[in-house]
Amino acid sequence: QVQLVESGGGLVQPGGSLRLSCAASGFTFSSYTMNWYRQAPGKERELVAGITPGGSSNYVDSVKGRFTISRDNAKNTMYLQMNSLKPEDTAVYYCKTVWRGQNYWGQGTQVIVSS
């Protein structure tokens, strides 16, 4: 079955960096678009970034120039490099894919940006 497992979250000071990973299994990872979402306390889940099988990427305006999404198809893993982190980036970060018409989510990894 499809499984997505995020890792790499933690507590970081404003201006710091983190790299999130999403390990995928149960489907042909290289053939599917992958996405990072986040959900801050009291807010709706929002799309942060996406990457196509060919490597084209898109970002929400609030993270452009600070976050970089990438994928390693040989490792079935997607990444989110987050630089210049701000307190407003605090959220649970989730990876997601759509396989055979159904959404699959990971369990999430918490990112806290605070001094």
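The values are calculated or read from the model by the stated rules, or taken from the named source; none is laboratory data. All figures in this text were calculated on a predicted structure; none of them were measured in a lab. The protein model used for the area step is the full one, side chains on, heavy atoms only, and it has no ligands, DNA or RNA in it. Shrake-Rupley method; radii C 1.70, N 1.55, O 1.52, S 1.80 Å.
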Exercise. Mind checking which lysines have their Cα closer than 23 Å to the Cα of K75? Skip sequence neighbours fewer than 8 apart in that chain.
Key: K96
Practice problem: Pull up all non-local amide H partners of K86: gap of 5 or more, or a different chain, and H-to-H distance under 5 Å with H placed in the peptide plane. | Solution: G15
Self-check item: Rounded percent of accessible protein surface that carbon and sulfur make up, the chain, 1.4 Å probe
Solution: 45 percent
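Rolling a 1.4 angstrom probe over the protein heavy atoms, how many square angstrom per residue are accessible across the chain? Write out the running numbers ahead of the final one.
Details: 5950 Å² over 115 residues.
Per-residue accessible area for the chain comes out at 52 Å².
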Self-check item: Intensity falloff of segment 1-61 expressed as log10 I(q)/I(0), Debye formula with alpha-carbon point scatterers, at q = 0.16, 0.18 Å⁻¹
Solution: -0.67, -0.84
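So if I take the alpha carbon set of the chain, get Rg, then get Rh from the Kirkwood formula, what is the Rg over Rh ratio? Mind showing how you got there, number by number?
Numbers: Rg = 13.4 Å, Rh = 14.1 Å.
Rg/Rh: 0.95.
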